[in-house]
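To keep things clear, I will list the structure first and then write my remarks on it.
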Amino acid sequence: MNKQDVVNAIATATGLTKVDSAKALDALLDTITSALQKGDKVTLTGFGTFEARATVAREGRNPQTGAKLVIPAGRRPAFSAGKTFKDAVK
């Protein structure tokens, strides 16, 4: 399922137009992204939690040459599924 399929499903379920459904989906994704950029956590009860997790600097290797390189510390997005969502997928 791709983004257009999700937009179509939202339009069918809500009675919104596909254009309005796409705007709603884009607004949701932009809101989650902005919150994570600020360091906030986004919890959708029953679905799951989006958060930005810190990573530590570590040493890695170039798989082609075997040369060592330093992978810098940073933040990465993470998602933890909620119980209701996990149970529905089982």
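General remarks:
- Placing +1 on each Lys and Arg Cβ and -1 on each Asp and Glu Cβ, with no other charges, gives the chain a dipole about its Cα centre of roughly 420 debye.
- For the chain, a Gaussian network of Cα nodes joined below 10 Å ranks A73, A27, A52 by mean-square fluctuation, and the top entry is A73.
- Dividing the helix sum by the residues of the chain, where each DSSP H run of 4 or more adds -39500 (n - 2.57), gives a mean residue ellipticity at 222 nm of -13500 deg cm²/dmol.
- Annotation: per residue accessible area for the chain equals 76 Å², rounded to a whole number [probe 1.4 Å, protein chains only].
- Computed from the Cα positions only, the extents of the range 10-90 along the three principal axes stand at 56, 30, 28 Å, in decreasing order.
- For G48, the residues whose modelled amide H falls within less than 5 Å of its own, excluding neighbours fewer than 5 places apart on the same chain, are G82.
The values are calculated or read from the model by the stated rules, or taken from the named source; none is laboratory data. Keep in mind it's a predicted model, so treat the numbers as computed, not measured. Reconstructed Cβ throughout: ideal geometry from the backbone, glycine too, with neighbour counts over all protein chains shown. The area values use the complete protein model at the heavy-atom level, side chains included, leaving out ligands, DNA and RNA. Shrake-Rupley method; radii C 1.70, N 1.55, O 1.52, S 1.80 Å.
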